[in-house]
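S.K.: Encoded as structure tokens, here's the structure I'll be asking about.
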Amino acid sequence: MCTETEEGDEEVKGFVTIYDFGGEKVFYNTHHCFMSSNMVFVVVFDVAMCLDSSRSVAGYEITEYWLKNIATYAIDDRADGKRTPPIILVGSHLDKVSSDVRVLNMY
């Protein structure tokens with residue numbers, strides 16, 4: 001990833017690394033090794049699971065687990081003005097939710 005400065009004569013390089021933890025329990029004990037306050041986190045959760053009364057507790061617990069891990073392992077108290085890094089929540093599987101449930105949850 002490269003960009004030019006306003007002067008246009010100097011290039012600034014940046015590096016992007018993407019980690020996909022995928023939620024596999026076997027890797028849970030290594031997540032903290034990769035987390036840092038210099039990251040942007042994208043937490044993808046299953047909307048259909050959260051809106052299904054028989055699976056909603058598990059859906060919310062998994063999402064909460066990830067948010068707590070980020071808040072625990074990806075903060076940097078030493079950095080000026082930096083606390084918890086940006087977190088983007090993305091809901092997936094909306095196509096699996098019936099339109100009746102969508103309307104009820106909007107109100």
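S.K.: Which residues' amide hydrogens lie under 5 Å from the amide hydrogen of VAL43, considering only partners 5 or more residues apart or on another chain, with H built in the peptide plane?
M.R.: Excluding prolines and chain starts, which carry no amide H, the hits are ILE88, LEU89, VAL90.
S.K.: Find how much the distance from ILE75 to SER37 grows on full extension, using 0.36 nm per residue of separation minus their present alpha carbon separation; answer in nm with one decimal.
M.R.: So the chain would gain 13.2 nm between ILE75 and SER37.
S.K.: Would you mind getting me the FRET efficiency between VAL26 and SER98? Use the beta-carbon distance for r and R0 = 30 Å, nearest 0.05.
M.R.: That gives a FRET efficiency of 0.35.
S.K.: Next up: Which GluC sites (Glu not before Pro) in the range 22-69 pass both tests, a DSSP loop state and at most 10 other beta-carbon atoms within 10 Å?
M.R.: On the way: sites: GLU24, GLU61, GLU64; in loops: GLU24.
Qualifying residues, ordered by number: GLU24.
S.K.: In addition: What is the spin-label model distance, in nm, from VAL90 to ILE18 if the labels are put 7 Å beyond Cα along the C-beta direction?
M.R.: 0.8 nm
Read-outs: derived from the displayed coordinates by stated rules, not from any lab. What you see is a predicted model, and the numbers here were worked out from it, not measured in a lab. As a convention, Cβ positions derive from the backbone with ideal geometry for all residues, glycine included, and neighbour counts pool all protein chains shown.
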